[in-house]
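The values are calculated or read from the model by the stated rules, or taken from the named source; none is laboratory data. What you see is a predicted model; the values in this text were computed from it and never measured. Positions of Cβ are backbone-derived with ideal geometry, glycine not excepted, and every protein chain shown enters the neighbour counts. Protein only, heavy atoms only, side chains kept; ligands, DNA and RNA dropped before computing areas. Shrake-Rupley method; radii C 1.70, N 1.55, O 1.52, S 1.80 Å.
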Amino acid sequence: MSVIRKTTLTQYLIEQRRRFPDADGGFNALVLDVARACKSIACAVAQGELAGLHGNHAAGGTEAESVNVQGETQKKLDVISNDLFIEMTEWGGNLAGMASEEMPDPYEIPEAYPKGKYLLIFDPLDGSSNIDVNVSIGSIFSILRRDAAADSPLVAEDFFQPGERQVAAGYALYGPTTMLMLSVGRGVVGFTLDPVLGEFILTHDHVQVPEETNEFAINASNSRFWEPPVKRYISECLQGETGPRGKNFNMRWIASMVAEAHRILMRGGVFMYPRDKKDPSKPGRLRLLYEANPIGFLMEQAGGRVSTGEVPLLSLQPSSLHQRIGVVMGSREEVERIERYHKEPASDEQISPLFGRRGLFRD
Ligand code: AHG
Ligand code: MN
Ligand code: MN
């Protein structure tokens, strides 16, 4: 039998660390704990209904559905995944605190454990509406360095750092294979879980988003609420080779952002969940700190681009833990085009024929 040398996640992290002779290994230990949380979640996801894990979480053993701080119904696996992230990472001595989609406030490291200098922010399970229908879902994480003094109390403001300051970000995708995509600020690498070894093995070195694409992803059921630049862009894509773009486009919508992001990292494309007029109290659907920033960081580290449509997303100063934001990301040329459309006012003609008064998706 021939021996194939494989790079594990541990080996990759150790090799990266050699560039920083003063590093104490704490960061690597934290990433490995996050990876272990993702492996545990992958096991729970794979058990699914065999272990009675589908369906909604019932609060405190009652029949009542539980909702998170954003008013969204929590699935059993949302809560289990959140608990696994906490259990696998709180003990290690490298965290000053955590924040998650499923917790209203920052999570303090229990007194029993030493504290460290990093902050962990996560969406424990992204694409919850796909859990019960057996479609790809994932976990998203972001690691920041805490600025405040080590002995000062943890506050939400500690997490309010622009995305460009992330020390590392990544996601696990629970699809036909389980993958871990990671950036420590020097490009993006991808690992595939070898289920026999229980190890993440480096399978995707130097991931690059192709600059051009003819694939877009957007929830078209919101089209009547879109702003003019988005209507113009989608209208031009839909007109295909007979329109101003002169080429045909293909559309995809999985409804797990983590899976859309993965497709874009693998073969290009553009994903949009833009700010729209559906609910004026919500400036977008996705959350800045644990969805848009970490995925955006990976996009840019892979040569793609992330924007709100108006401004570069990673430079935004966050103002609340569960802040929502409009997101446009993917292949650089398309994102830049959409940014350009936000700067120039669109004429009725550019928005039609699909959205004009007599168009298919009229206002
Ligand atoms: P979550 O499951 O963590 O709440 O996030 C779901 C997000 C994102 O993954 C996806 O792109 C979007 O919500 C789907 O929204 P629609 O309901 O509009 O399809
Ligand atoms: Mn999510
Ligand atoms: Mn989630």
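Quick notes
- Of all DSSP-defined beta bridges confined to the stretch 9-204, some 85% are antiparallel rather than parallel.
- Relative to the dominant Cα principal axis of the chain, helix 76-89 is inclined by about 50°.
- Under the combined filter of DSSP loop state and at most 13 neighbouring Cβ atoms within 10 Å, the stretch 172-245 retains these GluC sites (Glu not before Pro): E212.
- Each listed q (0.09, 0.22 Å⁻¹) maps to a log10 I(q)/I(0) for the stretch 215-355, found by the Debye formula over equal Cα scatterers with no solvent: -0.24, -1.53.
- The stretch 247-289 versus the stretch 32-89: alpha-carbon centroid distance in Å: 24 Å
- Per residue, the average separation of C-alpha pairs within less than 8 Å and at least 6 apart gives the stretch 215-355 a relative contact order of 29 percent.
- For the chain: relative contact order, % (alpha-carbon pairs under 8 angstrom, 6 or more apart): 14 percent
- Residue-averaged [θ]222 nm for the chain, counting only DSSP H segments that reach four residues, each worth -39500 (n - 2.57): -8000 deg cm²/dmol
- Cα-based convex hull volume of the chain per residue, rounded to whole Å³: 162 Å³
- A straight Cα-to-Cα reach below 18 Å connects K277 with the aspartates and glutamates E227, E310, D363, residues fewer than 8 places away in its own chain not being considered.
- Per-residue HN-Hα couplings for the stretch 274-285 [Karplus 6.51, -1.76, 1.60; θ = phi - 60°; Hz; x = Gly/Pro]: x, 4, 9, 9, 4, 9, x, 7, 10, x, x, 9
- Relative contact order of the stretch 163-221, pairs being alpha-carbon contacts under 8 Å that are 6 or more residues apart, as %: 21 percent
- Accessible area, probe 1.4 Å, largest first, for residues R275, R5: R5, R275
- Highest-first packing order for the peptide set 295-303, 14-22 is 295-303, 14-22, based on the mean count of other beta carbon atoms within 10 Å.
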